[in-house]
1. Of all residues in the stretch B:159-186 being more than 24 Å from A:P302 (Cα to Cα) and under 14 Å from the mean Cα position of the chain (by Cα), which is farthest from the other protein chains (Cβ to nearest Cβ)?
2. Need the failing condition index for B:L124 against (1) out of contact with any Lys or Arg (no Cβ under 8 Å at 6 or more places or on another chain); (2) within 25 Å of B:G20 (Cα to Cα); (3) within 12 Å of chain A (Cβ to nearest Cβ); (4) surrounded by 19 or more Cβ atoms within 10 Å (Cβ to Cβ), just the number.
3. Is there a residue being within 14 Å of chain B (Cβ to nearest Cβ), closer than 30 Å to B:E39 by Cα and of a type outside the set (V, I, T) anywhere in the stretch A:82-92?
4. Is there a residue in the stretch A:329-345 that is of a type in the set (F, W, Y), surrounded by 14 or more Cβ atoms within 10 Å (Cβ to Cβ), modelled with pLDDT of 95 or more and not in a strand (DSSP E or B)?
5. Got at least one residue in the stretch A:194-214 being at pLDDT below 95 and either among the aromatic types (F, W, Y) or touching a His at 6+ places or on another chain (Cβ under 7 Å) (or both)?
6. Suppose we filter the stretch B:98-121 for residues that are crowded, with 19+ Cβ neighbours inside 10 Å and farther than 21 Å from B:V152 by Cα; how many remain?
7. Contact list please: Cβ distance under 8 Å, first residue in the stretch A:324-336 and within 22 Å of A:E164 (Cα to Cα), second residue in a helix (DSSP H, G or I) and of a type in the set (A, V, I, L, M), pairs at least six apart or on different chains.
8. For A:F88, work out the one condition from (1) crowded, with 19+ Cβ neighbours inside 10 Å; (2) closer than 22 Å to A:I267 by Cα it doesn't fulfil.
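The values are calculated or read from the model by the stated rules, or taken from the named source; none is laboratory data. Here the structure is a predicted model, which means the values were calculated and not measured. FYI the Cβ positions are ideal-geometry reconstructions off the backbone, even for glycines, and counts take in every protein chain you see.
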Amino acid sequence: MLIKRPADIKPSEITPESIYRNRRQFLGASSTLMLGAALGGTSPLMAQDARGDQLKARAPAGLTRSEPAAWWGDKFDNIQPAPDAEPFFTDETLTPYDDVTAYNNFYEFGMDKGDPKRNSGEFNVDPWSVEIAGEVDKPGTYNLEDIVSPHQLEERIYRLRCVEAWSMVIPWIGIPLADILKRFEPNSNARFVEFETLVDEDTMPGVRSRFAIIDWPYREGLRMDEAMNPLAFMAVGLYGDYLPSQNGAPMRLVVPWKYGFKSIKSIVKINFLREQPINSWNELQPQEYGFYANVNPNVHHPRWRQDTERRLPQTLFSQNRIRTQMFNGYGEQVAHLYEGMDLSRYY
Amino acid sequence: MTGRSLLKPAIFILALVPFGYVLWRVFIAQNLGPDPAQELSIETGEWSIRYLLLALAMTPLRNLTGQIDFVRNRRMIGLFALFYASVHFLAWAVFVWGFQVASLGAEIIERPYITIGFGAYVILVALGVTSPKVMVRKLGKNWKRLHRLVYVAGVLATIHLLWIQRSDYVEVVLYGGILAALLVYRALHSLNKRRLSRAKAS
């Protein structure tokens, strides 16, 4: 199925104007780079053939991974590099590729951090389709190609903070979430958006476990204005390369100001809703996990202190423990979303 | 040397194999991953529970088989549970927290799963300290009473494990199931014994 290029939907239909204006400010920062792209080759920055050559981070050489499908190749040859300034970039030390791809919480593939890499060999992302449902004018089941290919891929370097009090810095490749969601033309009733992960007993040993208490499929949700925030990102790759299965191939959310479990992996359904959806962890342990799950050093989780975090990788003799920042350091971009809310209640 | 006198050193060496494996992972394979402190804590914690359950199984095994060697090696196996629990505790305190005493104290007080795990550890230390023959003699009747706390340690350790798990309880079910079976056996056994002695008395 092919999507016709939809007419531009007015941001005011989805997002309050003030937030939309914020977004413009952001984009201003990277406009110089975009201008360079538009002039095509005249900018010294763009002198090289493929823009991919200017990516801030590349997967280690010698890594041979087959592309999930032929059309991916073209998209990945043409990636907008990350800008030089926050918030779409941070100069903190990147967590190495091997660690980002070998230390994962993806319980569909097992409980241990190494399980997702170990157990995702059978996982197949082609063909992949995504169901778009709920309060949208263009519902339906779309091929991944139809969802991804109209968009320019861009690189973003974000901090990722897990509720388990460890963190990483990861160079993602993807598309602003708002740009994807708008194409399906959410109507004025859409106040929340819910995402679902694939459940496939054949290729996901974790969902076969009789002792797992998650009610699959794994579900996550965002308030519409959160989803439309320019920081919210739909990743299809990392380190300039396709997303490995264990990191949520072929398409996953990245919401850098929230704990990692909000950044749902391997998405097969996007559902626009009037009411706040129930996310899996909140359903499982409501006294421990809320809907918002904003990174907050002042509100501790019953199992993990949240005022510090261990930045990975660490070694046995360097804990690499750093202070956790409010909204994971993205307060300037997102604090206004929660004005007047008691964040110790809405954790 | 007889077979029997070889048994003790053999068990001793066998019980150290997991520790050797951990050292190998730390220093030679260096495959603990990006979060080695956590990995080390998890691995040694699991070995501690396994040895604790094994020590608890010794008396029932003696009763069932009549083989006295089970009880002869019970103390050593229990001490290995303490040994792995110590490595577990130290790995957490030193490698996860850099031995910042204030943070450790706060964690032990504020995180219920750590409070309970620490409780289990304190019991194991108390049992370890009172395990030499001298202490058995000194404590007399109280020794047995004190050492019954090993069951409390087992229950606390299992709850500790339960509260760390985020969503899959396969290990808790396994270890908890073994512990429950051992407790049921003990209860039935002592009930039976009491009935027997009453029958004899009448």
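1. B:L182
2. Of (1) out of contact with any Lys or Arg (no Cβ under 8 Å at 6 or more places or on another chain); (2) within 25 Å of B:G20 (Cα to Cα); (3) within 12 Å of chain A (Cβ to nearest Cβ); (4) surrounded by 19 or more Cβ atoms within 10 Å (Cβ to Cβ), only one is false for B:L124: (3).
3. The answer is no, given that none of the residues of the stretch A:82-92 is within 14 Å of chain B (Cβ to nearest Cβ), closer than 30 Å to B:E39 by Cα and of a type outside the set (V, I, T).
4. Looking through the stretch A:329-345, at least one residue is of a type in the set (F, W, Y), surrounded by 14 or more Cβ atoms within 10 Å (Cβ to Cβ), modelled with pLDDT of 95 or more and not in a strand (DSSP E or B).
5. Yes, some residue in the stretch A:194-214 is at pLDDT below 95 and either among the aromatic types (F, W, Y) or touching a His at 6+ places or on another chain (Cβ under 7 Å) (or both).
6. Qualifying residue count for the region: 2.
7. Close Cβ pairs (under 8 Å, with a partner that is in a helix (DSSP H, G or I) and of a type in the set (A, V, I, L, M)) amount to A:M326/A:A335; A:F327/A:V334; A:F327/A:A335.
8. With respect to (1) crowded, with 19+ Cβ neighbours inside 10 Å; (2) closer than 22 Å to A:I267 by Cα, A:F88 is out only on (2).
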